[in-house]
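Below is one structure, written out as structure tokens; the observations come after it.
The values are calculated or read from the model by the stated rules, or taken from the named source; none is laboratory data. Here the structure is a predicted model, which means the values were calculated and not measured. Reconstructed Cβ throughout: ideal geometry from the backbone, glycine too, with neighbour counts over all protein chains shown. For the accessible areas, the whole protein counts, side chains as well, though only heavy atoms, and no ligand, DNA or RNA atoms are used. Shrake-Rupley method; radii C 1.70, N 1.55, O 1.52, S 1.80 Å.
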Amino acid sequence: MDVVAPGNLDDWNYDPFSATIADNKIYGRGATDMKSGLAALVAALLELLEQGTIIPGKIRLLATVGEETGEYGAAQLTKQGFADNLAGLIVAEPTSSMQKIIYTARGVIDYKVKSYGKTAHSAEPEAGINAIDNLIVFYHLALERLRKFNKTDTVLGGVTHSITKIKGGEQVNSIPSYAELMGNIRTIPDYPNQRFYDELEAIIAELNQREGFNLAITYSFPEEAISGKPDSQIIKIAQETHQQIFGSSAKVTGSSGANDGAEFLQAKGNFDSIEIGPGSNTSHQSNEYVEITDYLNAITFYKQFALNFLQDKEIKNHASQIY
């Protein structure tokens, strides 16, 4: 459901897709990000059913594909109404062995710019249009003009913008007729994504007015930043549960990465989301692992959180207004 490529297999001590148990850990790609979180949610629901626990409400399990490549699974479920009228949402992404509760997160915009030129012999460049040269002009303008989005969020920090992929050309002795680049922007709640679309598209329109320029831009499932509320009822319930299970309070903070909550929060209704889950600091790394104790504690936490949430008077009142 949620995994990235293993990378260089020689860097792994175990087969990345074997879920090897060693040293009280489970090793494997996705062990932390976030198969352990998803498995803990499923196990928690199964145990509630097996134990015949009376659940004073309804619980929906939303398991999504494509979170690492654009959150299109969450987008599809949201569009089909599976997240409509929720009373709250918990996302099981790893949060430092469940010692953090994430309520706010950066948004993300992945974009691609294509540059079309005209091929010619490299000995006669004036006969062609260099697609790479034109793309580089966009590159510098985009980096320069997006610097004006310089507000800083007290929790998330500032906006980041990086050109992360570039390719083009056919062969070394030909003027390139095609080139493309990809950029990644991490946004904050102060700036809706539309502000960045407008800026990037204005650059494209401006350059296409110049002789020889033919640029086009597309986006890959962009996500809005999650503003959230640090004092929401769902956080209060999560802290109560954390105290019950771990005997301590969790740190309430934000995340520089995006999560599926950005899509689900666009569903019908008015609800808050949090992110809390098992896992180590090895996401996307070789020898990714989760502590078995961490995973088992997550199951216990999710079971108790579900009961605390559904029994909460404020949540019940909110749910009755929804329906």
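Which one of these is more than 30 Å from D15 (Cβ to Cβ), surrounded by fewer than 23 Cβ atoms within 10 Å (Cβ to Cβ) and touching a helix residue (DSSP H, G or I) at 6+ places or on another chain (Cβ under 9 Å): G269, G261?
So the residue among G269, G261 that is more than 30 Å from D15 (Cβ to Cβ), surrounded by fewer than 23 Cβ atoms within 10 Å (Cβ to Cβ) and touching a helix residue (DSSP H, G or I) at 6+ places or on another chain (Cβ under 9 Å) is G269.
When the residues of the stretch 128-139 are narrowed to those that are in contact (Cβ under 8 Å) with a residue 40 or more places away in the chain and in a helix (DSSP H, G or I), which ends up surrounded by the fewest Cβ atoms within 10 Å (Cβ to Cβ)?
Residue satisfying both the conditions and the ranking: V137.
Go through (1) of a type outside the set (V, I, T); (2) in contact with a helix residue (DSSP H, G or I) (Cβ under 8 Å, 6 or more places away or on another chain); (3) at negative phi; (4) open to solvent by 20 Å² or more (accessible area, probe 1.4 Å) and name the single condition A306 misses.
Of everything listed in (1) of a type outside the set (V, I, T); (2) in contact with a helix residue (DSSP H, G or I) (Cβ under 8 Å, 6 or more places away or on another chain); (3) at negative phi; (4) open to solvent by 20 Å² or more (accessible area, probe 1.4 Å), A306 misses just condition (4).
Can you work out which of the residues in the stretch 110-121 that are at pLDDT 95 or above and open to solvent by less than 70 Å² (accessible area, probe 1.4 Å) is nearest to P189 (Cα to Cα)?
Y111
The conditions are (1) open to solvent by less than 70 Å² (accessible area, probe 1.4 Å); (2) in contact with an Asp or Glu (Cβ under 6 Å, 6 or more places away or on another chain); (3) not acidic (D, E), and N297 fails exactly one of them. Which is it?
Every listed condition holds for N297 apart from (2).
Can you go through I59, I21 and tell me which one is in contact with a Leu (Cβ under 9 Å, 6 or more places away or on another chain), of a type in the set (V, I, T), surrounded by fewer than 22 Cβ atoms within 10 Å (Cβ to Cβ) and over 20 Å from T95 (Cβ atoms)?
Exactly one residue qualifies, and that residue is I59.
One residue is enough: does the stretch 211-226 have a residue meeting the conditions more than 30 Å from Y302 (Cβ to Cβ), touching a Gly at 6+ places or on another chain (Cβ under 7 Å), surrounded by fewer than 20 Cβ atoms within 10 Å (Cβ to Cβ) and of a type in the set (G, A, S)?
Checking the stretch 211-226: at least one residue is more than 30 Å from Y302 (Cβ to Cβ), touching a Gly at 6+ places or on another chain (Cβ under 7 Å), surrounded by fewer than 20 Cβ atoms within 10 Å (Cβ to Cβ) and of a type in the set (G, A, S).
If you go through the stretch 240-258 one residue at a time, how many are surrounded by 15 or more Cβ atoms within 10 Å (Cβ to Cβ) and either without any contact (Cβ under 8 Å) to a residue 40 or more places away in the chain or more than 26 Å from A74 (Cα to Cα) (or both)?
Total meeting the criteria: 6.
Which members of the stretch 142-162 meet the condition of being assigned to a loop (DSSP other than H, G, I, E, B) and open to solvent by 30 Å² or more (accessible area, probe 1.4 Å)?
Answer for the stretch 142-162, where residues must be assigned to a loop (DSSP other than H, G, I, E, B) and open to solvent by 30 Å² or more (accessible area, probe 1.4 Å): N150, K151, T154, V155, V159.
Output the number of the condition that K165 fails; it satisfies all remaining conditions of (1) without any contact (Cβ under 8 Å) to a residue 12 or more places away in the chain; (2) surrounded by fewer than 15 Cβ atoms within 10 Å (Cβ to Cβ); (3) not small (G, A, S); (4) not in a loop (DSSP other than H, G, I, E, B).
It fails just one condition, (1).
For the stretch 275-286, indicate whether the set of residues that are in contact with a Phe, Trp or Tyr (Cβ under 8 Å, 6 or more places away or on another chain), in contact (Cβ under 8 Å) with a residue 60 or more places away in the chain, buried (at least 23 other Cβ atoms within 10 Å of the Cβ) and closer than 30 Å to L9 by Cβ is non-empty.
Within the stretch 275-286 (the criterion being in contact with a Phe, Trp or Tyr (Cβ under 8 Å, 6 or more places away or on another chain), in contact (Cβ under 8 Å) with a residue 60 or more places away in the chain, buried (at least 23 other Cβ atoms within 10 Å of the Cβ) and closer than 30 Å to L9 by Cβ), the answer is yes, since at least one residue qualifies.
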